[in-house]
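The values are calculated or read from the model by the stated rules, or taken from the named source; none is laboratory data. The structure displayed is predicted, hence computed values, not measured ones. We place every Cβ from the backbone using ideal geometry, glycine too, and count neighbours over all the protein chains shown.
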Amino acid sequence: MKKIFLLTVSFLMLSVLTLSAEDVSTYLVGSHVDVDTSKNRLGKAGFEILAEYESVENGTTIVFTNNALKAEGAKPKRAHAAVLRLFIDDQEKNISFTNPIYFGKAFMQEEYNAAVFEAQLQSINAAFPGLAGSVDKLDADALAGYHFMMSMPYYGDADELGEAATADLLAKAQNYKEGKLLLFTLKLSDDSYLLGYDLDKRTKKFVNKIGRANAAVLPYCISIENGLASALEAKYYLAVSYPLLTMTEFTTIATVPGAISKQLEKPFK
């Protein structure tokens, strides 16, 4: 009986460890590294810097990519997987990367290629030793089908911003307010682009309200593909970027998703 009991306990402990091992951290966090040093390390690791952006006061988000990520993002409706982000927090003196595996699984859906995104993780870890997983995390198997709660949007429920020829949509985005809100333009194919877009100061304040540690959520991105400009539905994107967010906390930014959608639509009217 004692032997059976010990075997049962061992099995339960193994089950707990297995379940825990399935969790994927949303971010990779580490000790502070300044912007110039970070850009230098990313460049040496083979990454291309797309934008350097003040996502919060005393905080900078660096958006970067490489050929492997661009190839994944060039696949239909997968543009958001083409970039990774590094948030450098000069106030709290730490850094935070978007985890390639977490966002790869979320944004590539059933087309997730483990070899590609694990290679990005290895490159980041080699360039920035000592990174650890964030407390924010989700079950790996749940990421492709993630939504915040019932009736909330999934990855595939894109926010459609405008329709026209791809070249015309791109020109509208580039010319709106003389291009001052456009942070980067990443060409993925002849008919597919990912744009980094700046939100107004009032809307961006949601980051300070629900957690500056996850400020890599900004800048927001717009996909232009096959004559359609779209963005990740904000109720989905904010939730997947803040997986520990409670319903009570979500209600404190209830107006933000609508504000984001309205701002992203304006260039395409």
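From the list I62, I88, I49, exactly one residue is of a type in the set (A, V, I, L, M), surrounded by fewer than 17 Cβ atoms within 10 Å (Cβ to Cβ), modelled with pLDDT of 95 or more and in contact with a helix residue (DSSP H, G or I) (Cβ under 9 Å, 6 or more places away or on another chain). Which is it?
Answer to the check: I49.
On the given criteria, is A254 buried (at least 22 other Cβ atoms within 10 Å of the Cβ) and not in a helix (DSSP H, G or I)? So A254 does not fit the description; no.
Among the residues of segment 106-127, at least one is buried (at least 18 other Cβ atoms within 10 Å of the Cβ), touching a strand residue (DSSP E or B) at 6+ places or on another chain (Cβ under 9 Å) and within 23 Å of E160 (Cα to Cα). Residues that are touching a residue at least 12 places away in the same chain (Cβ under 8 Å), small (G, A, S) and outside any loop (DSSP other than H, G, I, E, B) within segment 140-172 comprise A140, G162, listed in sequence order. Filtered by the rule that a residue be over 19 Å from D139 (Cβ atoms) and of a type in the set (V, I, T), segment 226-253 gives T248, T251, T252, I253.
Kindly indicate whether E110 is part of a helix (DSSP H, G or I) and at pLDDT 95 or above. Break it down stepwise before answering.
Working: part of a helix (DSSP H, G or I): yes; at pLDDT 95 or above: yes.
Spelling it out, E110 is indeed part of a helix (DSSP H, G or I) and at pLDDT 95 or above.
Of the residues that sit in segment 32-56 and are of a type in the set (A, V, I, L, M, F, W, C) and not in a helix (DSSP H, G or I), which one is farthest from A119 (Cα to Cα)?
V56
Please verify whether A215 is closer than 28 Å to K70 by Cβ and under 18 Å from the mean Cα position of the chain (by Cα), treating the condition exactly as stated. Don't jump to the end; show me each part of the working.
Numbers: closer than 28 Å to K70 by Cβ: yes; under 18 Å from the mean Cα position of the chain (by Cα): yes.
Yes: the conditions hold for A215.
Of the helices (runs of 4 or more DSSP H) lying entirely inside segment 174-242, those containing at least 2 residues that are in contact with a Pro (Cβ under 8 Å, 6 or more places away or on another chain) span 234-241.
The conditions of being buried (at least 23 other Cβ atoms within 10 Å of the Cβ), modelled with pLDDT of 95 or more, not in a strand (DSSP E or B) and not aromatic (F, W, Y) are not met by A71. Evaluate the following for S241: is it of a type outside the set (V, I, T) and farther than 20 Å from L182 by Cα? Yes.
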